[in-house]
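The values are calculated or read from the model by the stated rules, or taken from the named source; none is laboratory data. It should be emphasised that the depicted structure is a prediction, and the values quoted were computed from it without experimental measurement. Positions of Cβ are generated from backbone atoms using ideal geometry, with glycine treated the same way; all protein chains shown enter the neighbour counts.
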Amino acid sequence: MPDQSAQLNPLSTWLSGQWVSFSYRGLMADLVANFRVGSANDANTERVRLSSKSQEKGHSDLDGPSVRVEKHCTTIPNGNQDLESRDGPPASVAADPPAAAPPPRQRTSSSNSAPSNLSSPAPSSVAGGQATSPWTSFATPSAIPELDVAAILKDAVDQVQRLRLQTVSTAVVTQDVRVPPELAKQWIKNYFTHMHTDMFLSLVNPRLIEMIPDLLGLPHVHLDPAILVVYYGVLYHGCALGSTVQANEEGQKYIRMLYVCCLRTLPLWQREATGSTTDLIAALTMCRTAAECFDEELAWKMYTYACEYAQALNLHNLDAYTTAIGQDESKLDADRKGFWELIQIDFFFRLLFNRPPAITDSMNTWKVNLPWLSSGSAPPDLNAVPTVTFLMGSRLTFILSHFFQDLESPDCDEATIRPKAEEYCREIGQLFDEYQIEDWIQRSVASAAKADCWLLGDVAMTGYTYIIFILRKLAVLSSNSPRPVSCDADIPDSPLAVEASRGMLRIVRAILVHNPYPETMCVLLGIYRAYVSYACLLNHILRAVDVRSHYDDIELLEEIGEVMLKGSRDDRDFMPLLRAIQSLGMEVKRRLNDVAATASVATALTPAMSIGIGAGF
């Protein structure tokens, strides 16, 4: 694209000051091989690893500097253990190590150990010759064992994830799914009404999707498997967007069934996929759906497929040539927006899930301009939620791009990167202050504007999560450990991280109050890692000299516990997490008593500190 085009787009100037292009390598060729859908049998096996060939490509084939990918080695608790015994916390804390044993390693908030973001951390690993667990601490050399909050919550969430995937795997084989056509049509309408900002939506034929409920039961009608994946993905998201409480409750009865339908369609689609536009939409739809259903491995596979299909469709060169006469500019702009959202997903996977770059590894050959704020002659509405969320999301993308460029610089060390990282985090906070994002979310919630609430909530939770994980990512710089363990030392002890955790949990509370469903909890825990924010804030409280000075934070954590209990809807899959929160709440209560809190302060704690007691858990 000539420089003139870059100068004409004010959004490019506002975000970066220059025209941006991207480069892509065939990095995911080895990553997407051997497609499989997770089952109950492989739920207890180690998660997908990069092959040595893929790792070589990830470090040698890139045009830029080497890419840092943390190593993970984790152990999953015994899969044959019964539910009751593995859900509850240990009955006692391990004794102090014998004198002959090497002393436990000192751990601080700036630990050199890399965080583990994938499979379950080992509930018992070897440290200094002694069996340890999340309930025994080697975070400090103190003889008094303390709770390892992050590892407790990580282990509990991993158990929840494993139970959810096992439940879905069983349903794929055994469940009889029947979706009433009338409900399907209503969910399709909900989707295209509220999800009009979805990426590459211009490539979807709404009329065809609307016809499918009536076509499925007809003989001699063959539907392409790719369009069926898109169809069930549309139903999945549309059923959660009911305009009334009754519609929402009815949709929740089918939401897991619809995910089962998506999974059943995948094998046939993968055998017939050719890289068409429909295949691209199917991969993106399934990526999002799998991520929301706690299946990050499948989400990653689908994302790498989407990147492969996008390259085959030449979407990385949308602005390589002069726009042809008669070309639909609005469609071209929608494709630009979709491609930029692919880039945002890439950074999200890299930061939160420690994945290698699929698109952002090389940025010198991609030729895609930023989209215009308005494709028509009318000026854009800068106060419209879709416009604001796109602007904020683009700013977050540039911030994260700069962070990774600094992090992957050959001469990068903690002394030079930490001040820059903290400045990036402050920039995210300033962006949210500029738009008063939390107040806007509260107004959207109060007005029952569900689609706006989710759009604003998504960008806000993404930004807050970026702050925490940017600071957490610094631990990889000087890590030499081949077996990093997720523990309190991985939680940044920074005022920036603590404040981001507060903001994150306030949004989580608002969302769960109005969407108290298990699927909502899966989204918050699986995609946004809400438990990391919980651990960060709780650690801040427990490290305080007087925990009474943090009563507002304690109250916020209590309310999070209450809404999670309500959102679980007695689903036993969430039992490990609820019990972990119960135990941690009791620890806060003990700390309050230990600092000689008055009886009024001690008894003012709400019943949420005893989650699970008397609730059938």
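Elements of the type helices (runs of 4 or more DSSP H) sitting completely within the stretch 201-308 and holding at least 2 residues that are closer than 25 Å to Thr167 by Cβ: these cover 225-238, 245-252, 255-272, 277-292.
Any residue that is closer than 14 Å to Tyr236 by Cβ, surrounded by 18 or more Cβ atoms within 10 Å (Cβ to Cβ) and either of a type outside the set (Gly, Ala, Ser) or touching a helix residue (DSSP H, G or I) at 6+ places or on another chain (Cβ under 6 Å) (or both) - is there at least one of those in the stretch 303-324?
To start, the set of residues in the stretch 303-324 that are closer than 14 Å to Tyr236 by Cβ comprises none.
Taking every residue of the stretch 303-324 in turn, none turns out to be closer than 14 Å to Tyr236 by Cβ, surrounded by 18 or more Cβ atoms within 10 Å (Cβ to Cβ) and either of a type outside the set (Gly, Ala, Ser) or touching a helix residue (DSSP H, G or I) at 6+ places or on another chain (Cβ under 6 Å) (or both).
Just one of the listed residues (Ser533, Ser568, Ser583) is surrounded by 17 or more Cβ atoms within 10 Å (Cβ to Cβ), among the polar types (S, T, N, Q), under 23 Å from Leu456 (Cα atoms) and at pLDDT 85 or above, namely Ser533.
A Cβ distance below 8 Å, combined with a sequence gap of six or more or placement on separate chains, defines the contacts here; from the stretch 152-176, residues that are free of Cβ contacts under 8 Å to residues at least 24 places away in the same chain and under 19 Å from Ile527 (Cα atoms) reach no residue that is of a type in the set (A, V, I, L, M, F, W, C) and surrounded by 24 or more Cβ atoms within 10 Å (Cβ to Cβ).
Counting only helices (runs of 4 or more DSSP H) that sit completely within the stretch 381-458, zero hold 3 or more residues that are touching a residue at least 24 places away in the same chain (Cβ under 8 Å), crowded, with 19+ Cβ neighbours inside 10 Å and basic (Lys, Arg).
When the residues of the stretch 481-496 are narrowed to those that are aliphatic (A, V, I, L, M) and in a helix (DSSP H, G or I), which ends up modelled with the lowest pLDDT? Only one residue fits best here, namely Ala489.
Taking only the stretch 504-516 into account, find how many residues are buried (at least 20 other Cβ atoms within 10 Å of the Cβ) and in a helix (DSSP H, G or I). Steps first, answer last, please.
Quick first cut of the stretch 504-516, residues buried (at least 20 other Cβ atoms within 10 Å of the Cβ) only: 504-505, 507-508, 511-512, 515.
Now restrict to residues that are in a helix (DSSP H, G or I): 504-505, 507-508, 511-512.
Selection size over the stretch 504-516: 6.
Filter the stretch 314-327 down to residues that are touching an Asp or Glu at 6+ places or on another chain (Cβ under 9 Å) and either assigned to a loop (DSSP other than H, G, I, E, B) or modelled with pLDDT of 95 or more (or both) and give me whichever is nearest to Glu272 (Cα to Cα).
Filtering the stretch 314-327 for residues touching an Asp or Glu at 6+ places or on another chain (Cβ under 9 Å) gives 315, 318, 323.
If we keep only those that are either assigned to a loop (DSSP other than H, G, I, E, B) or modelled with pLDDT of 95 or more (or both) too, we end up with 318, 323.
On the way: Leu318: 26, Thr323: 32 Å.
Applying the filter and picking the extreme gives Leu318.
Of everything listed in (1) closer than 20 Å to Ala530 by Cα; (2) modelled with pLDDT under 90, the single unmet condition for Pro576 is (2). Take His194 and decide whether it is at positive phi and either at pLDDT below 90 or among the aromatic types (Phe, Trp, Tyr) (or both). Taking the combined requirement at face value, the residue does not satisfy it.
Does Leu496 meet the test of being of a type outside the set (D, E, K, R) and farther than 30 Å from Thr167 by Cβ? I'd like the intermediate steps shown before the answer.
Numbers: of a type outside the set (D, E, K, R): yes; farther than 30 Å from Thr167 by Cβ: yes.
Against the criterion (of a type outside the set (D, E, K, R) and farther than 30 Å from Thr167 by Cβ), Leu496 qualifies.
Filtering the stretch 242-254 to residues that are surrounded by fewer than 20 Cβ atoms within 10 Å (Cβ to Cβ) and either in contact with a Cys (Cβ under 9 Å, 6 or more places away or on another chain) or not polar (S, T, N, Q) (or both) leaves Gly242, Val245, Ala247, Asn248, Glu249, Glu250, Gln252, Lys253. Scanning the stretch 342-355 for any residue that is surrounded by 18 or more Cβ atoms within 10 Å (Cβ to Cβ), assigned to a loop (DSSP other than H, G, I, E, B) and modelled with pLDDT of 80 or more turns up at least one such residue. Residues in the stretch 565-593 that are part of a helix (DSSP H, G or I), within 13 Å of Tyr517 (Cα to Cα) and free of Cβ contacts under 8 Å to residues at least 60 places away in the same chain: Leu565, Lys566, Gly567, Ser568. A residue that is farther than 24 Å from Ala151 by Cβ and within 28 Å of the chain's Cα centre (by Cα) occurs somewhere in the stretch 567-585. Does Val508 count as modelled with pLDDT under 90 and hydrophobic (A, V, I, L, M, F, W, C)? So Val508 fails the test. Set side by side, the residues Glu499, Glu519 differ, and just one is surrounded by fewer than 19 Cβ atoms within 10 Å (Cβ to Cβ) and part of a helix (DSSP H, G or I), which is Glu499. The condition (being at pLDDT 50 or above, closer than 30 Å to Leu537 by Cα and not aromatic (Phe, Trp, Tyr)) is satisfied by just one residue among Gln159, Gln106: Gln159.
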